[in-house]
Amino acid sequence: MKDLDAEALCRQLAEQIRPHVCPATALVGIYTGGLWLAERLHAELGIAQPLGAIDVSFYRDDYASKGLHASPKKTEIPFDVDGAHVILVDDVLYTGRTTRAALNELFDFGRPARVELAVLVDRGGRELPVAARYCAHTLAAPLAREQNLELQRDEAGQFGLKLTQRA
Amino acid sequence: MRNPQLNQHGELQHLLTLDGLPRDILNAILDTAAPFTEVAEREVKKLPLLRGKSVFNLFFENSTRTRTTFEIAAKRLSADVVNLNINTSSAAKGESLLDTVDNLCAMQADMFVVRHAASGAPMLIAQHLQNTGRDHIHVVNAGDGRHAHPTQGLLDMYTIRHFKRDFTNLTVAIVGDVLHSRVARSQIAALTTLGVPEVRVIGPKTLLPTEVERLGVRVFHDMREGLKGVDVVMMLRLQNERMNGALLPTPQEYYKIWGLTAEKLALAKPDAIVMHPGPMNRGVEIDSAVADGAQAVILPQVTFGIAVRMAVMSMLGSR
Amino acid sequence: MNILISNGRVVDPANRVDAVHNVYVSGGKIVALGAAPDGFVAERTIDASGLVVAPGFIDLAARLREPGYEYRATLESEMEAAMAGGVTSLAIPPDTDPVLDEPGLVEMLTYRAKKLNRAHIYPVGALTLGLKGERLSEMAELVEAGCVAFSQANVPVVDNTVLMRALQYAATFGFRVWLQPLAPFLSRVGHAHDGEVATRLGLSGIPVAAETVALFTYLELARATGARLHITRLSSAAGLALIDQARADGMDVTCDVSINHVHLCDMDIGYFDPNCHLIPPLRSQRDREALARGLAEGRINALCSDHTPVDDDGKQTPFAESEPGATGLELLLPLTLKWADKAGLSLIDGLARITSDAAKIVGITKAGHLSVGARADVCVFDPAAHVVVTREGLKSQGKNTPFLGMELPGKVHYTLVEGQVMFEA
C-alpha cells in the first residue's frame with residue numbers, strides 16, 4: 001500500500017463530496033479512522049451542522065460470539081437527525097457490516113431524509129448490499145481475509161494507510 | 001478455590017461481589033458504562049445487544065426500586081424481562097431456591113438478576129449452574145443479605161469517578177449502619193481495589209462489624225473527626241428496626257450524633273460530594289438541606305445506575 | 001468364633017503397648033496377646049502384617065438421626081459408616097425427634113441398635129424435657145434405661161435457675177452432665193464466628209463471648225452444685241483458657257473438641273461453603289491452633305466426630321439457612337492421624353484421644369483397650385495409606401463434610417465388634 005497516499009486520497013474525497021454539500025448536510029464519522037477523516041472533511045468542506053460520531057460496538061452483529069468491544073466510545077449525534085442529509089464517513093469499506101450497524105444506530109436517533117456513505121478506500125470483500133456514494137480509491141483486487149487495512153494518524157495529524165497481517 | 005464469578009480465562013461470568021474482583025475488571029465495567037449514559041437521550045432508547053435474550057428478575061426480597069432499574073437496563077438492551085417476586089415465606093414452605101432456578105432454566109433463561117435476604121444466595125445459584133453445566137446462564141447479584149450489592153457499589157464508583165476523576169488521591173467516608181449494609185461492603189471492596197488511599201467508616205460501635213478494619217478501612221466513632229478533609233461522603237440508610245435490636249436508642253439521638261447536617265458537612269473539603277444509595281430517611285441519617293443541596297449527587301447516582309447495569313448485563317450477555 | 005489377628009503392630013494406649021503381637025480373640029473377648037492360650041485353635045486368621053491393631057474407637061458424639069430424622073440418615077446407614085470408620089462405641093446426643101427424654105425411647109433405640117449388632121451405643125439423655133430448659137427429665141429412670149450422661153445437645157438452657165437445679169439433681173446421683181458452651185442469646189442469631197470472614201461475607205456473627213459467658217456460668221454452677229461436668233465441642237482459645245483456669249482452681253472438669261475444629265477455621269468457609277456451617281462455628285486460625293495444641297497436651301481430653309449427617313436439601317441452601325453439622329464417623333480416624341502427625345504426637349498418644357481417654361468420659365470400662373478380658377472391639381488399619389474423601393466413598397447417608405475431595409491418611413481394613421468381623425475392606 002506504499003503507493004497509496006492517504007493525504008491525497010483525502011483531498012480527492014473532499015472534492016467528490018463538495019458539489020453535493022447543502023445546508024442540511026451533516027457528517028457522521030465512524031470510530032476511530034472514520035471519525036478522523038470526518039473531522040478533516042468537516043473542516044475542509046465548511047459543513048455548518050456540527051460533526052457527529054458513532055461507535056457501532058453496541059450494534060455489531062458479532063456481539064453474541066465475540067462479546068463487547070473493549071471500552072466502547074460514546075456515540076454523539078449533536079444535530080437533529082430528522083430530515084437531515086447525513087453522510088456516514090469511514091476510512092475503509094470492507095464487508096459492509098460496520099455500515100449496516102451504523103445505519104441502524106443512526107435511525108435510533110430519528111429519520112434522516114437521506115444517508116450516503118463516504119470512504120477513503122474500498123478494499124472489496126462485501127458481504128452485504130452496501131456501496132459507497134463517495135470513494136477515493138478502489139483496490140484493483142480485493143485484500144485477503146487475514147489482511148487488515150486501516151487509517152493511521154501521526155502526531156502531526158498527517159494521515160497514512162497501514163496494511164497489517166493478522167496472525 | 002476459584003473465584004466463582006470468573007470463568008477459566010479470568011473473565012466475568014457472573015457478577016456476585018466486588019470483593020476480590022480485579023481492578024482491571026472494575027475499570028472495564030466503568031469504562032463500558034460511559035457510552036451507555038448517552039442512550040437515555042436518544043429518540044429510541046434501545047440497543048440491540050440482548051435482543052432475543054431472557055432476563056429473569058428473581059426477587060426473593062421486595063424492592064421495587066432496584067428491580068425497576070434492572071428492568072429498565074435490560075429493556076434498553078432489548079432483552080425480554082420477566083419479573084418474579086417470590087415471597088420468601090411461601091418459598092420456605094414449598095419449592096427450594098435451586099428448584100426454582102432449575103424450573104426457570106427450563107424456560108430458557110439467559111440471565112438471572114437475584115435479590116435475596118440471605119447472604120450468599122446468588123453465589124449458591126451460580127455454583128449450582130456451574131455444577132450442572134449451564135455455563136451459558138449468568139447471574140447478577142442485585143443484593144444478598146448483608147453480603148454484597150455489586151451494581152450499587154459500581155454505580156457509586158462511577159459517580160465518584162465522574163465528579164472526582166481520579167481515585168488515587170481521595171479520602172472517602174462511609175457513614176452509618178455498616179454492620180447491616182451490603183452496599184457498604186461493596187463500596188469498601190471497590191474503593192480499596194481502585195486505590196483510594198483512605199477509606200473511613202463512621203458510626204457507633206453497635207453498627208460497625210467486628211474487625212471491619214481488616215477490610216482496609218479506618219474506623220471513626222466521632223463523625224466530626226471522621227468527616228475532616230474528606231472528598232466524598234457516602235451515607236447509608238438506617239432501618240427503623242435497628243431500634244428494636246437494642247443497637248440504637250432512638251432515631252433522634254442517631255440524627256443528633258451521626259446525621260449529616262450542613263454544619264457537619266462543612267468539615268469535609270469544600271468541594272466534597274454527598275452520596276446516598278436511597279431510599280433516604282430525611283431527618284434520620286441526612287438533613288433535607290444536605291440531601292437537596294449543591295453538594296448532593298444523589299440523583300446522578302440513579303441515572304448512572306442504569307448505565308452501569310446495562311454495562312454489566314451487556315458484558316455478561318454475550319458469553 | 002476364635003480369631004487370630006497375626007503380626008500386627010498392636011497400639012493400645014490404655015496399656016501403653018506399642019509392639020508387634022498376635023492378638024487372640026475368643027467368645028467376643030480378647031483372650032491373649034503374644035503367645036496363644038492353651039488349646040487355642042483359630043477358626044479365622046487375619047493377617048495384620050504392616051497394619052495397626054488398635055482398640056475400636058469411641059466417639060463422644062454421633063447423631064444417628066433416629067428417631068425422627070430418617071430422611072437424613074438411618075440407624076442402618078450410620079452403623080455401616082461407624083463400622084467403615086472403625087468406630088465401635090458411640091455416645092448418642094439426645095437431639096432426636098422425639099428427644100431422648102423418656103426411658104421408653106432410650107430402650108427402643110438401644111434395642112434397635114443391639115438388633116443391628118454393629119457399634120455399641122451409649123445414649124446421652126436429655127437434661128430437661130424436650131430440651132426445652134423448663135422441666136427436669138427422669139434422670140434416674142433414664143440411667144436405668146441405659147443413659148450414660150445428660151446433656152442439652154446444642155440447645156442451651158435459658159433459665160439459669162433451671163440449669164442449676166438440673167445440675168443439683170444430677171449431682172444427687174453423681175450423674176455426668178455434658179454441656180455445650182453456648183450462651184443462649186449471644187448465639188441465637190449468628191451463623192459464623194464473629195470476625196473478619198463473617199464481616200466480609202455479611203454473615204451474622206457468633207462472638208467468642210457466646211462460649212466464654214456460657215463457660216463462666218456452667219463452671220460456677222458446677223462448683224456450686226458439685227455436678228460432674230463435661231464440656232463438649234470447645235471452639236475457642238479463650239474457652240480453653242477458662243477450662244485451664246478452673247482446673248488450676250482444683251475443679252474436676254473434662255472437655256472435648258470435634259475433628260472439624262482442630263483442622264478448620266472460619267477462612268475455610270470460602271465462598272459460603274454450607275458444609276462449614278457448624279455448631280459451634282469454626283473460629284479463627286489462632287483458635288484452631290490453640291485447640292489442636294490443647295488436645296495434644298491433654299488439656300482437651302478427647303476428640304470426637306460430632307457426626308451430624310444432613311441431606312443435600314438441608315445443605316443446598318444459602319449458608320445461614322442451611323442445616324448446621326458435618327458427617328464425621330468415617331473421618332474420625334483419618335483426622336485423628338492427621339492432627340497427631342501435625343502436632344508431632346506418637347501414634348499411641350494420638351489414638352488415646354479416641355480410645356482410652358474417650359472411654360473415661362463415657363465411663364466405658366470393658367472397651368477402649370486391648371487388655372485380656374476386654375470386649376473384642378478392634379480396628380485394624382493401615383496408617384500410611386491415603387484415601388480421598390468422596391461422596392461415593394462415604395457410607396454415611398450424609399455426604400456433608402468440608403473435607404470432600406481431600407486426601408487423608410488411614411485406611412480401615414477390618415473392624416471387629418465383640419469378636420465378630422463386622423467390616424472388611
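The values are calculated or read from the model by the stated rules, or taken from the named source; none is laboratory data. What you see is a predicted model, and the numbers here were worked out from it, not measured in a lab. Note that each Cβ is placed from the backbone with ideal geometry, even for glycine, and that neighbours are counted across all protein chains shown.
The single condition among (1) in contact (Cβ under 8 Å) with a residue 60 or more places away in the chain; (2) within 9 Å of another protein chain (Cβ to nearest Cβ) that B:Thr151 does not meet is (2). Could you list all residues from the range A:15-74 that are buried (at least 18 other Cβ atoms within 10 Å of the Cβ), polar (S, T, N, Q) and either under 15 Å from the mean Cα position of the chain (by Cα) or within 11 Å of another protein chain (Cβ to nearest Cβ) (or both)? The one that is buried (at least 18 other Cβ atoms within 10 Å of the Cβ), polar (S, T, N, Q) and either under 15 Å from the mean Cα position of the chain (by Cα) or within 11 Å of another protein chain (Cβ to nearest Cβ) (or both): A:Ser57.
Kindly establish whether B:Phe163 is of a type in the set (Phe, Trp, Tyr), more than 11 Å from the chain's Cα centre (by Cα) and assigned to a loop (DSSP other than H, G, I, E, B). Step through it out loud before you land on a result.
Details: of a type in the set (Phe, Trp, Tyr): yes; more than 11 Å from the chain's Cα centre (by Cα): yes; assigned to a loop (DSSP other than H, G, I, E, B): no.
Considered against the rule, which asks whether it is of a type in the set (Phe, Trp, Tyr), more than 11 Å from the chain's Cα centre (by Cα) and assigned to a loop (DSSP other than H, G, I, E, B), B:Phe163 comes out as no.
Could you please find all residues in the range C:114-126 being out of contact with any Asp or Glu (no Cβ under 9 Å at 6 or more places or on another chain) and surrounded by 21 or more Cβ atoms within 10 Å (Cβ to Cβ)? Answer for the range C:114-126, where residues must be out of contact with any Asp or Glu (no Cβ under 9 Å at 6 or more places or on another chain) and surrounded by 21 or more Cβ atoms within 10 Å (Cβ to Cβ): C:Ile121, C:Tyr122, C:Pro123, C:Val124. Of all the criteria given as (1) within 14 Å of chain B (Cβ to nearest Cβ); (2) not in a loop (DSSP other than H, G, I, E, B), the one not satisfied by C:Arg293 is (1). Only one of the numbered conditions (1) within 13 Å of another protein chain (Cβ to nearest Cβ); (2) within 26 Å of C:Phe319 (Cα to Cα) is not met by B:Val201, and that is (2). Of all the listed residues (A:Ala113, A:Ala70, A:Ala64), the sole one being at pLDDT 95 or above and small (Gly, Ala, Ser) is A:Ala113.
Each row is one residue, and each column tells you yes or no for (1) in contact with a Lys or Arg (Cβ under 6 Å, 6 or more places away or on another chain); (2) touching a residue at least 40 places away in the same chain (Cβ under 8 Å).
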| site | (1), (2) |
| --- | --- |
| B:Asp31 | no, no |
| B:Leu50 | no, yes |
| B:Asn57 | yes, yes |
| B:Ile86 | no, no |
| B:Thr100 | no, yes |
| B:Ala106 | no, no |
| B:Asp110 | yes, yes |
| B:Gln127 | no, yes |
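So how many residues does the range C:134-152 have that are polar (S, T, N, Q) and out of contact with any Phe, Trp or Tyr (no Cβ under 8 Å at 6 or more places or on another chain)?
In the first step, residues of the range C:134-152 are kept if they are polar (S, T, N, Q); the result is C:137, C:151-152.
This time we only want the ones that are out of contact with any Phe, Trp or Tyr (no Cβ under 8 Å at 6 or more places or on another chain), so: C:152.
The number of residues fulfilling the criteria is 1.
Pick from the range B:278-303 the residues that are in contact with a strand residue (DSSP E or B) (Cβ under 8 Å, 6 or more places away or on another chain) and assigned to a loop (DSSP other than H, G, I, E, B): which of them is surrounded by the fewest Cβ atoms within 10 Å (Cβ to Cβ)? Spell out how you get there, then give the answer.
Of the range B:278-303, the ones in contact with a strand residue (DSSP E or B) (Cβ under 8 Å, 6 or more places away or on another chain) are B:280, B:285-288, B:290-291, B:293, B:295-298, B:301.
Then drop every residue that is not assigned to a loop (DSSP other than H, G, I, E, B), which leaves B:280, B:285, B:287, B:293, B:295, B:297.
Details: B:Met280: 17, B:Glu285: 22, B:Asp287: 19, B:Gly293: 13, B:Gln295: 17, B:Val297: 19.
Among residues in the range B:278-303 that are in contact with a strand residue (DSSP E or B) (Cβ under 8 Å, 6 or more places away or on another chain) and assigned to a loop (DSSP other than H, G, I, E, B), the one surrounded by the fewest Cβ atoms within 10 Å (Cβ to Cβ) is B:Gly293.
Each residue in the range B:1-48 was checked for being facing chain A (nearest Cβ under 9 Å), of a type in the set (Lys, Arg) and surrounded by fewer than 17 Cβ atoms within 10 Å (Cβ to Cβ), and 2 of them qualify.
Rundown of residues vs (1) within 20 Å of the chain's Cα centre (by Cα); (2) of a type in the set (D, E, K, R), yes/no style:
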| residue | (1), (2) |
| --- | --- |
| B:Ala246 | no, no |
| B:Ala266 | no, no |
| B:Lys269 | no, yes |
| B:Met280 | yes, no |
| B:Val297 | yes, no |
| B:Pro300 | yes, no |
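Inside the range B:1-27, residues that are basic (Lys, Arg), within 19 Å of the chain's Cα centre (by Cα) and in a loop (DSSP other than H, G, I, E, B) make up a count of 0.
When you scan the range C:6-41, how many residues do you find that are touching a Phe, Trp or Tyr at 6+ places or on another chain (Cβ under 8 Å) and crowded, with 17+ Cβ neighbours inside 10 Å? Break it down stepwise before answering.
From the range C:6-41, those touching a Phe, Trp or Tyr at 6+ places or on another chain (Cβ under 8 Å) are C:24, C:26, C:30-33, C:36-37, C:40; that's our starting set.
Those still in the list that are crowded, with 17+ Cβ neighbours inside 10 Å too: C:24, C:26, C:30-33.
Adding up the residues that qualify gives 6.
When C:Glu144, C:Glu76, C:Glu134, C:Glu107 are checked against the criterion of being out of contact with any Cys (no Cβ under 9 Å at 6 or more places or on another chain), assigned by TED's automatic domain parsing to the domain that holds C:Thr336 and part of a loop (DSSP other than H, G, I, E, B), C:Glu134 stands alone in meeting it.
Pairs meeting the criteria (first residue in the range C:256-280 and in contact (Cβ under 8 Å) with a residue 60 or more places away in the chain and farther than 19 Å from C:Asp341 by Cβ, second residue of a type in the set (Phe, Trp, Tyr) and not in a loop (DSSP other than H, G, I, E, B), beta carbons under 9 Å, at least 6 apart or on different chains) are C:Asp256/C:Trp178; C:Ile269/C:Phe319; C:Phe272/C:Phe319; C:Asp273/C:Phe319; C:Pro274/C:Phe319; C:Cys276/C:Phe319; C:His277/C:Phe319. Considering the range C:151-210, there are no qualifying helices (runs of 4 or more DSSP H) wholly inside with 3 or more residues that are under 18 Å from C:Ile243 (Cβ atoms).
Of all residues in the range C:289-314, those that are within 18 Å of C:Asp349 (Cα to Cα) have Cβ atoms under 6 Å from Cβ atoms of residues that are surrounded by fewer than 24 Cβ atoms within 10 Å (Cβ to Cβ) and hydroxyl-bearing (Ser, Thr, Tyr), 6 or more apart or on another chain, in C:Asn301/C:Thr254.
Taking the numbered list (1) in contact with a Ser or Thr (Cβ under 7 Å, 6 or more places away or on another chain); (2) away from chain A (no Cβ under 14 Å) in turn, B:Arg51 passes all entries but (2). Taken over the range B:230-250, the residue count meeting the criterion of being touching a Leu at 6+ places or on another chain (Cβ under 7 Å) and modelled with pLDDT of 90 or more is 5.
Screening C:Thr110, C:Thr88 for residues that are over 19 Å from C:Thr232 (Cα atoms), under 22 Å from the mean Cα position of the chain (by Cα), buried (at least 24 other Cβ atoms within 10 Å of the Cβ) and in contact (Cβ under 8 Å) with a residue 24 or more places away in the chain leaves exactly one candidate, C:Thr88.
Look at the range B:126-159 and say how many of its residues are over 14 Å from the mean Cα position of the chain (by Cα) and more than 20 Å from C:Arg200 (Cβ to Cβ). Matching residues across the range B:126-159 total 11.
Filtering the range B:126-148 down to residues that are part of a helix (DSSP H, G or I) and more than 20 Å from B:Ser318 (Cβ to Cβ), which residue is farthest from the other protein chains (Cβ to nearest Cβ)? Give the steps one after another, and end with the answer.
Just the residues of the range B:126-148 that are part of a helix (DSSP H, G or I), to begin with: B:126-131.
This time we only want the ones that are more than 20 Å from B:Ser318 (Cβ to Cβ), so: B:127-128, B:131.
Numbers: B:Gln127: 7, B:His128: 7, B:Asn131: 10 Å.
Among those residues, the one meeting the criterion is B:Asn131.
Answer yes or no as to whether C:Arg288 is assigned by TED's automatic domain parsing to the domain that holds C:Trp178 and either part of a loop (DSSP other than H, G, I, E, B) or among the aromatic types (Phe, Trp, Tyr) (or both). So C:Arg288 does not fit the description; no. Residues in the range C:341-361 include none that are assigned by TED's automatic domain parsing to the domain that holds C:Tyr24, modelled with pLDDT of 95 or more and among the polar types (S, T, N, Q).
Assess whether B:Ile257 counts as being in a helix (DSSP H, G or I), touching a residue at least 60 places away in the same chain (Cβ under 8 Å) and β-branched (Val, Ile, Thr). Show your work before the answer.
Numbers: in a helix (DSSP H, G or I): yes; touching a residue at least 60 places away in the same chain (Cβ under 8 Å): no; β-branched (Val, Ile, Thr): yes.
No.
Taken as a whole, the range B:49-65 holds at least one residue that is at pLDDT below 95, surrounded by fewer than 21 Cβ atoms within 10 Å (Cβ to Cβ) and assigned to a helix (DSSP H, G or I).
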